[in-house]
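A short worksheet on the structure shown next.
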Amino acid sequence: MAANKTTATMIDMSLWQGRTDPEANSERWHQKIQPLSQTAIPGCALVGFESDAGVARNQGRTGAAKGPTALRKALAPLAWHRTGPAYDAGNIRCEGDALETAQQHLADHLSALLNADHFPIVAGGGHEVAYGSWLGLAQHLTDKGEKAPRIGIINFDAHFDLRDPSHVRSSGTPFAQIADECAQRGWPFRYACLGVSRAANTRALFSRAAELGVMVREDRDFQPAQLESIRRDLERLMVRCDHLYLTIDLDVLPASEAPGVSAPAARGVSLSVIEPLIEAIRDSGKLRLADLAELNPAHDTDSRTARAAARLVFQLALDT
């Protein structure tokens, strides 16, 4: 059995490979991304969270710890359209069941990146990444002296992940943990969960979401006639927030688009529907941090899920 520990791994730039075109102005990600250094000017920083502990505790199918590697390989050959720099900021690796330690180490890493004015994008790993991501943003805002920051959490997900963390903390509890943390700090808890599957969430979870004032949109709501209403509701949420944290559980996508996840969706919401909403969040001027969770290469037919995740990172990183 692996020891229960957390490690910060070395940056492996050998993963960044792809074709090189002879034409001018034809660079791809593998040609432009750089290893993060202490003197790096602000840019987009990609961080891996290699963890299966939360999924295992949640009795899901493991394998998402290898997601960061798969995402980097899928992102490497994509065309480069950024104006600012992008960096590989390495991985936080959870070995065994040391989940809480790994989440804290991720938070410390992200807080340092945010303090240096980078825009972090975290590649999971199970959705337990969300608690570490939020904690890193919270540490950063506390360092800046904000007393009760208005953080909006926008989660594209088939699941609320609001299970009771008092029994076991897992990939199914991060937003309940965040809600509890906000209550202890006296901070507002503003959470939107978009793409929820009613079949995959109990009545107790829907009740918990209602008690917490969660903005809920089910997968079946994402019909052409309702998309404008969803967009307006999302804009109203963003107006009420000073900072946004975007988290994308890839199981929000249909299983045909994302077979390589811990819990494939029978219905899901298509990437073509989600993408414009993600672009609106990116362009709000308030997005501080994003992550993607549950990429499981062991079950990823033709790397479909890795390619979808890479496209999402590509869109989030656009700065033109």
Heavy atoms only, 1.4 Å probe, whole protein assembly: order Asp157, Asp117 by accessible area, highest first. Asp117, Asp157
Once Lys and Arg are counted +1 and Asp and Glu -1 for all other residues with Cβ under 13 Å from that of His243, the total becomes +4
Order these peptides, 50-57, 202-209, by their mean beta-carbon neighbour count within 10 angstrom, highest first. 50-57, 202-209
Treat every Asp and Glu Cβ in segment 235-320 as -1 and every Lys and Arg Cβ as +1, leave all other atoms uncharged, and give the resulting dipole magnitude about the Cα centre to the nearest 20 debye. 160 debye
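Please report how many Lys pairs in the chain have alpha carbons closer than 28 angstrom, counting only residues at least 8 apart along the chain or sitting on separate chains.
7
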Of all accessible heavy-atom area on the chain, the percent that carbon and sulfur account for (1.4 Å): 49 percent
So, in nm, how far is label Gln59 from label Glu146 when the simple model puts each one 7 Å beyond its Cα toward the Cβ? 3.8 nm
Out of Leu15, Gln315, Val239 - ranked by how far each Cα lies towards the positive end of the dipole of the chain, with unit charges on the beta-carbon of charged residues - the top one is Val239
Between segment 224-281 and segment 145-163, what is the separation of their alpha carbon centroids in Å? 14 Å
In segment 63-204, with Lys and Arg counted as +1 and Asp and Glu as -1 at Cβ, which of these residues, Val168, Thr101, Tyr87, has the Cα nearest the positive end of the dipole, that is, farthest along it? Tyr87
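Taking the solvent-accessible surface of protein heavy atoms with a 1.4 Å probe, what is the per residue accessible area of the chain in Å²? All intermediate terms of the calculation are to be shown ahead of the outcome.
Working: 13440 Å² over 320 residues.
Averaged over the residues of the chain, the accessible area is 42 Å².
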Net charge dipole size for segment 39-181 [Lys, Arg +1 and Asp, Glu -1 on Cβ; Debye, nearest 20]: 420 debye
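Compactness ratio of segment 164-306: Cα Rg over 2.2 N^0.38 Å, N = residue count?
1.07
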In the neighborhood of Asp21, defined by Cβ-to-Cβ distances under 15 Å, what is the net charge if each Lys or Arg adds +1 and each Asp or Glu adds -1? +1
Pseudo-spin-label distance Leu318 to Ala266, built 7 Å along Cα→Cβ, given in nm, is 3.5 nm
Using all Cα-Cα distances in segment 254-308, what percent lands in each 10 angstrom bin from 0 up to the longest? 23, 46, 27, 5
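Using heavy-atom solvent-accessible surface (probe 1.4 Å) with all chains present, what is the largest-first order of Tyr131, Tyr191?
These residues rank, largest area first, as Tyr131, Tyr191.
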For the chain, with only Lys/Arg (+1) and Asp/Glu (-1) charged at the beta-carbon, what is the dipole magnitude about the Cα centre, in debye rounded to 20? 300 debye
Farthest toward positive dipole pole in the chain [+1 Lys/Arg, -1 Asp/Glu at C-beta], among Asn201, Gly43, Ala116: Asn201
Between Arg185 and Gln17, Cβ-based FRET efficiency (R0 56 Å, step 0.05) works out to 0.80
Using only helices, what value at 222 nm comes out for the chain when you add -39,500 (n - 2.57) per DSSP H run of length 4 or more and divide by the total residues, to the nearest 500 deg cm²/dmol? -10500 deg cm²/dmol
Compute from the Cα atoms of the chain the Rg and the Dmax, the latter being the longest Cα-Cα distance, and quote both in angstrom. 18.2, 58
Which whole-angstrom value gives the distance between the alpha carbon centres of segment 81-99 and segment 196-214? 31 Å
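The values are calculated or read from the model by the stated rules, or taken from the named source; none is laboratory data. Remember, predicted model here, so these are calculated numbers, not experimental data. Cβ sites come from the backbone with ideal geometry, for glycine too, and all protein chains shown count toward neighbours. Heads up: the accessible areas ignore ligands, DNA and RNA and are worked out on the full protein's heavy atoms, side chains in. Shrake-Rupley method; radii C 1.70, N 1.55, O 1.52, S 1.80 Å.
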